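Quick note: the coordinates plus some simple rules give every number you see, no bench work behind them. None of these values were measured; they are calculated from a predicted model. Note: ideal-geometry Cβ built from the backbone for every residue, glycine included; neighbour counts use all protein chains shown.
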Amino acid sequence: MVSYSSIASNLVRTIKQVKPSVVGVGTYNPLGSPRSNLQGTGFIIGDGTLVATNFHVVEKELDIQQNENRVVFIGQGSDPKLIQAEVIASDPAHDVAILKIKGSGPALTLASDNYIDDGTEVAFTGFPIGAILGLYPATHKGLIAALTPVVIPSRNAGQLSIEMMKRLREPYFIYQMDATAYPGNSGSPVYDIDSGKVVAIINKVFVQRTKEAAITDPSGISYSIPVKYIRALAKSISVDI
């Protein structure tokens, strides 16, 4: 029988292994105030020059007139290193994107494309409320509660959008997690506690009432996209990860 202390010890070791590969994703505007804008989390993959994140973290167009650049934030604290980045592949349907950075770092290993079982304990590391709290990576632990269609049922037909209707006809499955993620965690790697292999990427949080409630009264239900969609996106640009 595996003891709790053994699991905790494994997680401590794995977090130390994972943290150097977790980066902030955002923009830098030399004319802005503030100049740096942290928009989410990402993690280094492949040959060390690629970063995986959510599409919704990078979907906003840059303000070219203001010389705004896409960047990743490496390190932690109030003075991280900023490295220029470019979106080289995106999959809006599955909310994943891959960035190329002008630099390199330690890459995380992706798990296989097989779905993991309900009840599996996992952890994720990212920057919850990072735009306010700063670049201090935080880790949360939880478990896979269910494999569920990506569309969350609406209370009435009037709340169903065209996009949601399409997904109802052709749903794909994501992980529902018994774990609390916050704004800023988007793009965080979800990984196996023992090996550190990435099994999914944080996608969204179930919000009970308002966006503010996600901070003050979190539901404790989060969702993540299985890692196979990151691998498929990489293969679409002839990159093996």
> Considering amide H positions built from the backbone, and no H for Pro or chain starts, which residues 5 or more places from VAL25, or on another chain, come under 5 Å of its amide H?
Replying inline: GLN39, GLY40, THR41, GLY42, PHE73
> In the neighborhood of SER36, defined by Cβ-to-Cβ distances under 13 Å, what is the net charge if each Lys or Arg adds +1 and each Asp or Glu adds -1?
Replying inline: +1
> If Lys and Arg each add +1 and Asp and Glu each add -1, what is the summed charge of the other residues whose beta carbon sits under 11 Å from the beta carbon of GLU61?
Replying inline: -1
> Once the principal axes of the Cα atoms of segment 17-72 are found, what is the range along each, listed largest first in whole angstroms?
Replying inline: 38, 19, 18
> On the first, second and third principal axes, largest extent first, how far apart are the outermost C-alpha atoms of segment 1-135 in Å?
Replying inline: 61, 33, 25
>> For a 22 Å ceiling on Cα separation, which of these pairs sit above it: LYS204/LYS228; LYS141/LYS204; LYS100/LYS204; LYS16/LYS100?
In response: LYS100/LYS204; LYS16/LYS100
> Quick one: net charge of THR14's neighbours, Cβ under 15 Å, K/R +1, D/E -1?
Replying inline: +2
